[in-house]
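Notes to accompany the following structure.
The values are calculated or read from the model by the stated rules, or taken from the named source; none is laboratory data. Keep in mind the model is a prediction, meaning the values are calculated, not measured. We place every Cβ from the backbone using ideal geometry, glycine too, and count neighbours over all the protein chains shown. For accessibility, only protein heavy atoms count, side chains too; no ligands or nucleic acids. Shrake-Rupley method; radii C 1.70, N 1.55, O 1.52, S 1.80 Å.
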Amino acid sequence: QQQQQQQQRTETSQPAQRRMHTSRIVLLALTVVLLSVRAEAGAAPFTRPWQESDTWTLWPMPSHVTSGTASATVGVLSFSTSFPSSFFEADSSSSRAASNNGTAQSLLNGVIARAQKTAFVFPTSAHDGTMKVHITVQSTSTALKLGVDESYTLTVNATDAKITASTVWGAMYGVQTLMQVFHYDYNKGVYYATHLPIEVNDSPRFPWRGLLLDTARHYLLVDEIKHQIDALAYNKLNVLHWHTIDAQSFPICSKTRPELCDKGAYAAAAKYQPSDVEAIVQYGFERGVRVVPEFDMPGHAYSWGFGDPSVVSMCPSNLAGNINNFPLDPSQQHTFEVVNDFLADMFQLFTDEFVHLGGDEVVFSCWSENPTVSSWMRTQGFTTIGQVEQYFLNQILPTVTARNMKFLCWQELFQNGVKLPSSSIVQVWKDAPTLDSVLSAGHQGILSYGWYLDQQVPDPPTTHYEWEDTYIDFYNNEPTNGLSSSADLSKLLGGEAAMWGEQVDSVNFDGRVWPRACAVAERLWSPKSVNVVADATNRLVGHRCWMAQRGIRAGPIAPDYCPIPAGVFSP
C-alpha cells in the first residue's frame, strides 16, 4: 500500500516538475533575449550611480555651473596665489570683526595646506598628473562678519584650475568646491577630475548659515568643537552658534566671576578656560566660520545658582521640579553686576560682532509668584512678562553696545513685545507665521524651525521608517514657505540647524548631525530652484562618503561602498 501511494505521488508530481523545468527554460531564454536586445540597442549595463567614479557630488550645489564630459587623472596639486592690490586694504568693519590673527596671505596658505592634505586621502603619484591651481584674491581684508563677500569663480580643465574671489573667504570656498571635483577610482587606484571643462560662478543665497551646538547639557571636548568646525567648512556653513550655558551646567569660565564656572561645571575637566575659547574662535576664523556665543538669559538660569544662588529667582513648588524653569532674579541689582561682569569677560574672548542673549521659555510664574520679585514688580508698575524682560534687556544692553556689538534673541522677546534695536536679529524656532510677523515688522530674522536635529518628527506629521531620512524633511524646508507678501524678504538672513545636547556628546555627535545637516547647508547656500530630492540624494550619498573619508563620522543614507583610508578613525 505504501509503494502504491509513493507511485501515485511520483506520477502526480511529474507534470509539475516538467512545468517548472519548462518555465525555467523559458525564463532563461527571455533573459538571453532581453540582454541581447539591450546589447543591440547599445543600452548601458546595470550601474550603481552613487559608486561610479564620475558621479557629480558637488555639495552644496553651486549657483551656476557648466561642465563637459572629459576627465583626467590627477595626482598632485600645485598652488600659486596673487593679490593684485598693490596696497594693504584697511578693514572698514568694526575692530571686532578684524581682530583675529592672520593676514590674507597667511589665511590662504592655511587653506592650501589643508587642501594638500585632504584633497587626496588615498595614495597618489606624480605620474598621475599635476594640476596647477592659481588663486587670485582681489582684497587683502580679513574681516569676517555677516555679509562678507563669499563669492568666487572656478574654472577647471585637465591641467590647471583658476580660482578668483574678492576675499580670502570666497577663495576658501572655491578651493572647497575644487576638492569635490576629484573622484577616486577604487579599482584603478587613481583620482580623476571629471566633467571637464568646468566653470563655476558661485555665491551663497543667504549670509547666515549655521549650526547650533549645546555644551551645557553635555560637555563637548575642545577638539570635538574644532572637528565640527571642519565639518561646517566642508559644507560651506559659516556660523557656529555655541549655546554655552543652560540650566544643567555652566562650563565656560570668567576671570572676573570664576565661581560660576568653578561650581557650575559638571567637573573640573568639563570647563572651557579662556585659552580654550580663544583657540576655538581662532580655529573657526581660519576656516571662515564665525563663532557666535549664546548666553541664554534670563530663563534657563539654574546653573548660575551653583556659583551664586542669590542671582536666581526661586520658582513655586509646582514648577520647582524642573530646573529649566528657573530664571535670573531681575529684582536684585547684584544680578546685573554679575551678568555684566561675565559678559564683559566673554566679549574679550569672542570676537564676532554678534552675541546671542537667549530670551526663550521664561516661566513668568517664577517671577510673579516669587514674593520678592512680585513685590519689586509692583513697585515698578510691571504686570506682564514683556515689561520685566524689557527691563532686564535694558540693564545689559550698555555692556553690549559699549563694545560695538549687536545681539540675537529667540522669538519670545519679540512676541512678548520687547522693543528690540533695529540691528538685532530674531531667531524663530517654532513656525513660519512667527517668522512672517518678524519680517513684516521690519526686523531681521533667521529660522530654525523644521531644522531641529534632535527631533524624531521635525516636520509633523511626516514620519519616516528610517530615522536618517529626516534629511528629506530638512531639505524640503524652504525658508520662504509660509511667508506673506508683507514679509520683507531682504530681512531674512538665513538660518541654523540646531543640535540640542540632551542626548548627544562627543561620542555620537557626528552621526546625529551629519549628513542630515548637509541638507540645511544646501538649502541655505544654493538657489531656491535647486530642490529636487532625488538629485540631492544621489549627490548626498557621495558627499557623505567624501566627508567620512576625511574623518567626519557621517552616517549613510543609502546602500553604497565607502572605503575609509587607513588611520582616519584609528583610536
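Taking each residue of region 329-345 that is under 13 Å from Phe392 (Cα atoms) and free of Cβ contacts under 8 Å to residues at least 60 places away in the same chain and looking for partners that are buried (at least 19 other Cβ atoms within 10 Å of the Cβ) and of a type in the set (S, T, N, Q) with beta-carbon atoms closer than 7 Å, six or more apart or interchain, yields Asp329/Ser313; Asp329/Thr335; Asn340/Thr399.
Among the candidates Phe342, Phe336, which residue alone is closer than 30 Å to Pro207 by Cα and outside any strand (DSSP E or B)?
Working: Phe336 fails: closer than 30 Å to Pro207 by Cα.
Matching residue, one of Phe342, Phe336: Phe342.
Within region 340-392, the set of residues being polar (S, T, N, Q) and closer than 21 Å to Cys261 by Cβ comprises Asn340, Gln348, Thr351. Scanning region 193-214 for residues that are assigned to a strand (DSSP E or B), at pLDDT 95 or above and surrounded by fewer than 21 Cβ atoms within 10 Å (Cβ to Cβ) yields Leu196, Pro197, Glu199, Asn201. Scanning region 309-333 for residues that are farther than 24 Å from Trp500 by Cα, touching a strand residue (DSSP E or B) at 6+ places or on another chain (Cβ under 9 Å) and part of a loop (DSSP other than H, G, I, E, B) yields a count of 2.
Going by the structure shown, is His218 under 17 Å from the mean Cα position of the chain (by Cα) and open to solvent by 20 Å² or more (accessible area, probe 1.4 Å)? It is false that His218 is under 17 Å from the mean Cα position of the chain (by Cα) and open to solvent by 20 Å² or more (accessible area, probe 1.4 Å). Which residues, taken from region 358-388, are open to solvent by less than 10 Å² (accessible area, probe 1.4 Å), under 32 Å from the mean Cα position of the chain (by Cα) and not small (Gly, Ala, Ser)? Answer for region 358-388, where residues must be open to solvent by less than 10 Å² (accessible area, probe 1.4 Å), under 32 Å from the mean Cα position of the chain (by Cα) and not small (Gly, Ala, Ser): there is none.
Criterion first (surrounded by fewer than 20 Cβ atoms within 10 Å (Cβ to Cβ) and touching a residue at least 24 places away in the same chain (Cβ under 8 Å)) does Ala233 satisfy it? Spelling it out, it is not the case that Ala233 is surrounded by fewer than 20 Cβ atoms within 10 Å (Cβ to Cβ) and touching a residue at least 24 places away in the same chain (Cβ under 8 Å). Annotation note: of Pro207, Pro258, Pro274, the sole residue that is free of Cβ contacts under 8 Å to residues at least 40 places away in the same chain and over 30 Å from Asp128 (Cβ atoms) is Pro258.
Scanning region 500-553 for residues that are within 14 Å of the chain's Cα centre (by Cα), in contact (Cβ under 8 Å) with a residue 60 or more places away in the chain and not in a helix (DSSP H, G or I) yields Trp500, Trp514, Ile552.
Taking the criterion of being touching a strand residue (DSSP E or B) at 6+ places or on another chain (Cβ under 6 Å), small (Gly, Ala, Ser) and closer than 13 Å to Asp352 by Cα, the only residue of region 283-304 that qualifies is Gly284. For region 436-484, the set of residues classified as in a loop (DSSP other than H, G, I, E, B), among the aliphatic types (A, V, I, L, M) and in contact (Cβ under 8 Å) with a residue 24 or more places away in the chain consists of Ala441, Leu453, Leu483, listed by residue number. As for region 428-435, it holds at least one residue that is under 18 Å from Phe295 (Cα atoms) and crowded, with 17+ Cβ neighbours inside 10 Å. Return the only residue of Lys255, Lys263 being assigned to a loop (DSSP other than H, G, I, E, B), surrounded by fewer than 21 Cβ atoms within 10 Å (Cβ to Cβ) and on the phi < 0 side of the Ramachandran plot. Being assigned to a loop (DSSP other than H, G, I, E, B), surrounded by fewer than 21 Cβ atoms within 10 Å (Cβ to Cβ) and on the phi < 0 side of the Ramachandran plot holds for just one of Lys255, Lys263, which is Lys255. Testing Asp296 on (1) part of a helix (DSSP H, G or I); (2) touching a Gly at 6+ places or on another chain (Cβ under 6 Å), one condition comes back false. Which one is that? Among (1) part of a helix (DSSP H, G or I); (2) touching a Gly at 6+ places or on another chain (Cβ under 6 Å), Asp296 violates only (1). The residues in region 408-435 that are in contact with a helix residue (DSSP H, G or I) (Cβ under 6 Å, 6 or more places away or on another chain) and either assigned to a strand (DSSP E or B) or more than 23 Å from Val239 (Cα to Cα) (or both) can be counted, and the count is 5.
Please determine, by comparing only the residues of region 135-161 that are part of a strand (DSSP E or B) and open to solvent by 10 Å² or more (accessible area, probe 1.4 Å), which one is nearest to Gly210 (Cα to Cα).
Taking region 135-161 and keeping what is part of a strand (DSSP E or B), we get 135-137, 152-156, 160-161.
Remaining after also requiring open to solvent by 10 Å² or more (accessible area, probe 1.4 Å): 136, 153, 155, 160.
Working: Thr136: 27, Thr153: 23, Thr155: 28, Asp160: 33 Å.
The residue in question is Thr153.
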